Every structure is written in C-alpha cells, then in structure tokens.
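Below is one structure; the comments refer to it alone.
The values are calculated or read from the model by the stated rules, or taken from the named source; none is laboratory data. All values reported here derive from a predicted model rather than from experimental measurement. All Cβ positions, glycine included, derive from the backbone under ideal geometry; neighbour counts span all protein chains shown.
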Amino acid sequence: MNIVFLGPPGAGKGTQAERLEKARGMVQLSTGHMLREQVASGSALGQQAKGVLEAGRLMPDDIVVKLVAERLDRGAIGTGFVLDGFPRTRKQAQELDRILAERGIRLDAVIAMKVDDDLLTDRITGRYACAKCGAGYHDRNKQPRQAGVCDACGSTEFRRRADDNEKTVRQRLAAYHEMTADILPHYRRQSILREVDGMAPIEEVTRQIDEVLEHLQ
C-alpha cells in the first residue's frame, strides 16, 4: 500500500508516518531525510542539492523529483511507502504521477490532515525540546514532570526552534494553504483523496488513518 500524507508543518505527518512504519512495515519516505542522505553521500545529486542549500534558495522541483525517483529505484519499500513532505505543488503532484506510472507503482490514497490554523499555531509556538536528547515538550500540553528537568535524560537545557514563532508559523500556514489549493482537487479528481482530523489527539488521528487504510484493502 502506497500513500501520501498532506498537511502543514506541525500537523503530525512525521509522527503518523513513523507509526505506520512500526505497525504495518511501511517505509517513510521523507524528502528531508532523502535530501540529507544524498548530501552526506557526496553523490552528484547530493552535491547539486547542497549548492542550493548553501545558497539559501528553495529546492527546485526537478531536484526534489529526482530525490524521490532515485529512492523508489532503490526499492526496499517493505509493504508500501508513506510519502511525507512531497508533493507540495501541483507540478510536483503531476511529476509524482509520472514517475510512479513509469515504474508501475500505484498510489492508493492521499491522506490530508485537516487543521485549525489558530490551534495549530498554538501547538507549534508552544513546543520545545531537550537540548541534549531531543525529547519534545510543550508549554501547556506536555511539560517535564519536574520543572526544568528532562524526563528522558535529566538534562536541564532546553531549546526552541527559531522559526517557531507566531508570525513565521502563520506565514508557513498561509503558504501551505496556497500551495495545496491546487493539489487537493488534483487528487480528488483521481478519487484517492481522504481527509482526517489533524487536530485530534495522536491516537485518534492514528485510528482515523487506520480506518482509511482498512477500507483500501
């Protein structure tokens, strides 16, 4: 089974993809992971991507498409894959259709995580992490059992992402909605678009995704 997760930053796509890996043996294909892997390998594609990153430019569609195509050609996708972070534009969606068709791979579902912008902004701006082990916390929803001390490793140092502020988050959400305005109809016409409540608790989102996948089998 092969699916795509659509959702803005902070919607929980990565968390749910990891859960599908563990529960169903599906492979998470994150464009971020693939990009870092290629850069670290020193491949021609990685060097091309590295140049774009170092110049501070947005990654061109052709490079992202090549990343996905190269990963699919390597195989080893278990019982299927979960694309996380791709496609982000209508052009990328069309290119994904092409590279899948060329390889005889079927996309079974595109699962869009519906969000409330105000609630998602609160979720993102309140999050922080242990600087040592990376354990995640939130100002309101998940604080350490002992104030100022990481539950996982006992460190007293924490950090927040510089871009986890309200202005930046709202800009990212606006950009996401603008980009996906064309993607959702693209997949709706193919009758493979499904929607889940991305603001529900993690376990409930997992249940909704499982329900979607069960109906596909």
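Number of residues in segment 16-43 that are of a type in the set (Ser, Thr, Tyr), surrounded by fewer than 18 Cβ atoms within 10 Å (Cβ to Cβ) and not in a helix (DSSP H, G or I): the value is 1.
Taking each residue of segment 1-25 that is touching a residue at least 12 places away in the same chain (Cβ under 8 Å) and looking for partners that are of a type in the set (D, E, K, R) and surrounded by fewer than 19 Cβ atoms within 10 Å (Cβ to Cβ) with beta-carbon atoms closer than 7 Å, six or more apart or interchain, yields Met1/Asp108; Asn2/Arg106; Asn2/Asp108; Ile3/Asp108; Pro8/Arg172; Pro9/Arg172.
Is there a residue in segment 107-117 that is over 21 Å from Ala175 (Cβ atoms) and hydrophobic (A, V, I, L, M, F, W, C)?
The answer is yes, given that some residue of segment 107-117 is over 21 Å from Ala175 (Cβ atoms) and hydrophobic (A, V, I, L, M, F, W, C).
Among the residues of segment 131-159, the ones that are of a type outside the set (Ser, Thr, Tyr) and either under 30 Å from Phe81 (Cα atoms) or in contact with a helix residue (DSSP H, G or I) (Cβ under 9 Å, 6 or more places away or on another chain) (or both) come to 8 in all. Within segment 142-168, the set of residues being among the aliphatic types (A, V, I, L, M) and farther than 12 Å from Arg127 by Cα comprises Ala147, Val149, Ala152. Right, Thr15: farther than 25 Å from Gln94 by Cβ and of a type in the set (S, T, N, Q) or not? When the stated conditions are applied, Thr15 passes them.
For segment 67-98, filtered to residues that are hydrophobic (A, V, I, L, M, F, W, C), surrounded by fewer than 20 Cβ atoms within 10 Å (Cβ to Cβ) and over 24 Å from Val52 (Cα atoms), the residue that is nearest to the chain's Cα centre (by Cα) is Ile77. Can Gly136 be described as within 21 Å of Gly12 (Cβ to Cβ), surrounded by 14 or more Cβ atoms within 10 Å (Cβ to Cβ) and in contact with a strand residue (DSSP E or B) (Cβ under 7 Å, 6 or more places away or on another chain)? Here the answer is no, as Gly136 does not meet what is asked. Taken residue by residue, segment 44-63 has at least one member that is within 18 Å of the chain's Cα centre (by Cα), part of a helix (DSSP H, G or I) and closer than 30 Å to Arg160 by Cβ. Note on segment 148-185: among residues that are closer than 25 Å to Leu107 by Cα and either of a type in the set (D, E, K, R) or at pLDDT 95 or above (or both), the one that is surrounded by the fewest Cβ atoms within 10 Å (Cβ to Cβ) is Glu178.
Within the set Gly104, Gly126, the sole residue that is out of contact with any strand residue (DSSP E or B) (no Cβ under 7 Å at 6 or more places or on another chain) and modelled with pLDDT of 90 or more turns out to be Gly104.
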